[in-house]
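Data first, discussion second: the structure below is written as structure tokens.
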Amino acid sequence: MANTNLANAKTAKNDEFYTQYQDIQKEINAYLDYDPNVFRGKTVLLPCDDPEWSNFTKFFAQNFELLGLKKLISTSYAPESKKYKMPYQPTLFETQQPYFNPDKSKTNGKIFVLTEDVSGDGRINLEDLQWQYLEGDGDFRSKEIRKLRDEADIIVTNPPFSLFREFLAWIMEAEKKFLIIGNINAIAYKEVFPLIMNNKIWTGCRFNKRVNGKNMTFLVPNYYEMSGTELYMDENGNKFISVAGTGWFTNLEHGRRHEPLRLMTMTENFKHSKHKEVRGRKDYEHYINYDAIEIPFTDAIPSDYEGTMGVPISFIDKYCPEQFEIIGIGLELANMDIIKKKLGKLNGGPRLYVERDGELVRLYERILIRKKQSI
């Protein structure tokens, strides 16, 4: 149901899923554990944000000195430019400012900048944010925001779900460090997978994981329709959505991605695997249309197999580049001529197939890997 709501959000261009403070804090702490100076002396840009109450802005502003930031920039998108329009009411923070402009409030984005102690309390924090209206609506593709991108060292945000491909390309074009939120299905995007395969980007520390029985959970606007168990309301009337298969993508180093998987041998898997699809087998299935064996679960990868293996895309969250080589992805490597000859037709796009009980079975997307060395 959660993935259905995510798909509906993409279709409706209702991308207003807001990240919780604790999720940002836990993720950032993992990079600080690996390198305490990762943000020191850096300019951080938070585009596609809502600075007046955004948890991204709040976190980086409150921790400006702890992180050793040089500059914090946060920008918002104009209400009138949003595809999914709802009644708009400016915040008291904005209306109480002498330079409040009711027209620009709707048509222009805002920029918040933090560099120094403005309040005079001897600290640099949230109280020192300075803001003004942008010249344009705050679209990340505009020249105005591109200029801010080029100034920044690190870009951190939860980009619109419907624009993930374009937003990532926007970052990579400028060769910036980044930490952004996306869905697990993005791994298989033709614009994204080559970057993962070539170790230019990877998953963050928390990806596709359930915490306290819930997937990654986002605050949604009050007008968001409540339906299904993945949507709930807290005691203060705030609405939240729990979204499966969601997490962080980055090119910032963290120690967990260099931790090798602890694996059993093929014989041990067939004897002790917790998965009934593996336990009791005598061999792994072999693809009909590619020379590799099918590994249906990441924890069922055999430690003693030297050939090519197909694994679920969720493997990427456990991928250790020192342990495995990524060869490619099924949608690009699958030989569909073989399948067409056997079936006389094709059902759907390129995928890897196995034969079960005399019938060809089209599998979910698979990543092809090979063991690099013994660890």
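Read the figures in this text as sums done on the coordinates, not as results from a lab. Please read these numbers as outputs of a predicted model, since none were measured by experiment. Methodologically, a virtual Cβ is constructed for each residue, glycine included, from the backbone with ideal geometry; neighbour enumeration extends over all protein chains shown.
Quick notes
- Charged-residue dipole, Cβ positions (Lys, Arg, Asp, Glu), region 318-375 about Cα centre, Debye nearest 20: 80
- Ranking of 110, 58 by neighbouring Cβ atoms within 10 Å, starting from the fewest: 58, 110.
- 32 Å Cα-Cα threshold exceeded, pairs from 271/372; 106/176; 58/106; 342/372: 342/372
- GluC sites (Glu not before Pro) restricted to DSSP loop in region 102-143 with at most 11 other C-beta within 10 Å: 116
- Cβ charges +1 (Lys, Arg) and -1 (Asp, Glu), total dipole of the chain, debye: 1160
- Across region 233-312, the mean sequence separation of Cα contacts (distance under 8 Å, 6 or more residues apart), normalised by length, yields a relative contact order of 23 percent.
- Estimated [θ] at 222 nm from DSSP helical runs (n ≥ 4, -39500 (n - 2.57)) normalised by residues in the chain, nearest 500: -6000 deg cm²/dmol
- Amide H partners (placed H, <5 Å) of residue 177, local residues excluded: 155
- Translational diffusion of region 266-371, estimated by Stokes-Einstein from the Kirkwood radius over alpha carbon pairs at 4 °C in a medium of 1.567 mPa s, is 91 µm² per second.
- In order along region 356-362, phi translates into HN-Hα couplings of 9, 6, x, 10, 7, 10, 7 Hz, rounded to whole numbers, per the Karplus curve 6.51 cos²θ - 1.76 cosθ + 1.60 with θ = phi - 60° and x for Gly and Pro.
- Rounded to whole Hz, the Karplus (6.51, -1.76, 1.60) HN-Hα couplings of region 33-50, x for glycine and proline: 4, 6, 8, x, 9, 4, 9, 5, x, 9, 9, 10, 10, 10, x, 6, 10, 10
- Among 186, 174, 244: highest mean-square fluctuation, GNM of the chain, C-alpha pairs under 10 Å: 174
- Normalised by the number of residues in the chain, the mean separation of alpha-carbon contacts (under 8 Å, six or more apart) gives a relative contact order of 14 percent.
- For the chain, built as a Gaussian network whose Cα springs stay under 10 Å, the top-fluctuating residue of 108, 29, 55: 29
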